[in-house]
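To start, the structure under review is shown below, and the notes come after it.
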Amino acid sequence: MRFEPRWVVRTAPAPCHELTYDPVVRKPDDERAARPVPILVDCDTGIDDSLALLYAVASPECELVAVTCTGGNVGARQVAANTLAVLELAGRGDVEVAIGRETPLVRELVTTPETHGPRGLGYAELPAARAKLSGRFGPDVIVEEARRRPGELTLVTLAPLTNVALALQREPDLPRLLRRVVIMGGSYRSSGNTAPTTEWNVSCDPEAAKIVFEAFAGAGSDGHPPHPIALGLDVTERAKLLPEHLARLAALAGCAPDGSAQAGSIPGSPSGSAAAVNPMVRYLADALRFYMEFHSRYDGFYGAFIHDALALATALDPTLVRTQPVTVDVELDGRLTTGETVADWRHVWGEPPNLEVAVDAEIDRFFGSFIGRVGKLAAERGGLAATR
Ligand SMILES: [Ca+2]
């Protein structure tokens, strides 16, 4: 018998609800935690998407089932090429990568070269992957993999929700076929990063986000299907990767930071010779240098928000975030606010919640895990590369 964990919303005494496991099922779930967690990632790689993919590969409990790509940070074809190249860098060129819809449902695609670079990976230049794209259409991959293992698959979305909206049109029962959905998207109690109140993933394809959010409105009182965990800018902008984080990761991978973990001179930059011997550290340094320069210009610090990696880590370990159930809708017709995730914190609408919105995250624990796991993977890959 397959044991399904039950989510319980703890309402008191904490001011916010906290997702936890029912003690009755804790032991079986602990046992289950040692088993692989099947994950399907939908992304628009993207610098922080690439960090999420590396974290997935580096996590021993993660079974990376497939990766689907949509247009977003760059065009969908470039997203797919980036995804294949990053997975090959990580030694997982065998993972299925499928391309989905290349444009938002009804709007034109607006990409983000100023944030992620003209090809999406900052200053990094990875060799073209040997692996080929899947012949399957991205939304079909989501539906077919969910049907193949009902109630087991976790879907992690790191991009505009276009592919998931199409998957829901093909299979309206998709929420019940999935074990869990984790969404990076929205801004629920903070300002936006695209317009004053809008976050980029939702802003890029607000119609798709509305479809996805509404699909979970009918969740049963027993928690099945569970509401998606949504990580908005409220918490993802707390995941600030700084040069010293990268220096720690490089050290774990066997690269001497040699004082290069300072702004403007991080490992992998032209002066960071130590990183050049490790291809993954070199990649991280080159990609993140662009991302850090962007944040230095627009956000006032030399570092980078790694939104997508935090979302991926949450999919593997939901205890990283504290959440609150809330009803969320998406503004489609605003003069100033199209793409805003409107959260009904005071229950004005009287509608049942459709999302578990993250309101806090254990950021130090996340970074400890990210640096430890990806640093170890980089060390392993560096050793492999050196013996070739
Ligand atoms: Ca992304």
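The values are calculated or read from the model by the stated rules, or taken from the named source; none is laboratory data. Here the structure is a predicted model, which is why all the values come from computation and not from measurement. A quick note on method: Cβ atoms are made from the backbone with ideal geometry, for glycine too, and the neighbour counts reach across all protein chains shown.
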Completion exercise
Selection from segment 342-358 of residues crowded, with 21+ Cβ neighbours inside 10 Å and either out of contact with any Phe, Trp or Tyr (no Cβ under 6 Å at 6 or more places or on another chain) or part of a loop (DSSP other than H, G, I, E, B) (or both) yields 354, 355, 356, 358
Practice task
Just give me the residues in segment 56-72 being under 25 Å from residue 177 (Cα atoms) and more than 13 Å from the ligand (Cβ to nearest atom), in sequence order.
Solution key: 56, 57, 59, 60, 61, 62, 63, 64, 65, 66
Problem - Test: residue 335 is of a type in the set (Lys, Arg) and either under 19 Å from residue 126 (Cβ atoms) or crowded, with 19+ Cβ neighbours inside 10 Å (or both) - result: no
Fill in the blank from the handout: Selection from segment 44-54 of residues within 17 Å of residue 89 (Cα to Cα) and within 13 Å of the ligand (Cβ to nearest atom) yields 45, 46, 47, 48, 49, 50, 51, 52, 53
Handout entry: Test: residue 115 is closer than 30 Å to residue 382 by Cβ, β-branched (Val, Ile, Thr) and in contact (Cβ under 8 Å) with a residue 24 or more places away in the chain
Key = yes
Problem - Enumeration of residues in segment 94-118 that are touching a helix residue (DSSP H, G or I) at 6+ places or on another chain (Cβ under 6 Å) and either crowded, with 16+ Cβ neighbours inside 10 Å or at pLDDT below 95 (or both) - result: 95, 97, 98, 99, 100, 101, 102, 104, 105, 115, 116, 117
Completion exercise
Picking from 93, 75, the residue that is within 16 Å of the ligand (Cβ to nearest atom), more than 17 Å from the chain's Cα centre (by Cα) and not aromatic (Phe, Trp, Tyr) would be 75
Handout entry: Checking residue 207 against (1) away from the ligand (no atom under 15 Å from the Cβ); (2) part of a helix (DSSP H, G or I); (3) buried (at least 24 other Cβ atoms within 10 Å of the Cβ), the condition it does not meet
Key = (3)
Exercise for the section: Considering every residue within segment 179-197, establish whether at least one is hydroxyl-bearing (Ser, Thr, Tyr), within 14 Å of the ligand (Cβ to nearest atom), over 13 Å from residue 358 (Cβ atoms) and not in a strand (DSSP E or B). Expected result: yes
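Let's see how each residue does on (1) out of contact with any Cys (no Cβ under 9 Å at 6 or more places or on another chain); (2) under 24 Å from residue 382 (Cβ atoms); (3) at pLDDT 90 or above:
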{"site": "263", "(1), (2), (3)": "yes, no, no"}
{"site": "280", "(1), (2), (3)": "yes, yes, yes"}
{"site": "292", "(1), (2), (3)": "yes, yes, yes"}
{"site": "302", "(1), (2), (3)": "yes, no, yes"}
{"site": "322", "(1), (2), (3)": "no, no, yes"}
Exercise for the section: Might you let me know whether segment 126-147 holds any residue that is within 16 Å of the ligand (Cβ to nearest atom), in contact (Cβ under 8 Å) with a residue 60 or more places away in the chain, part of a helix (DSSP H, G or I) and closer than 20 Å to residue 46 by Cβ? Expected result: yes
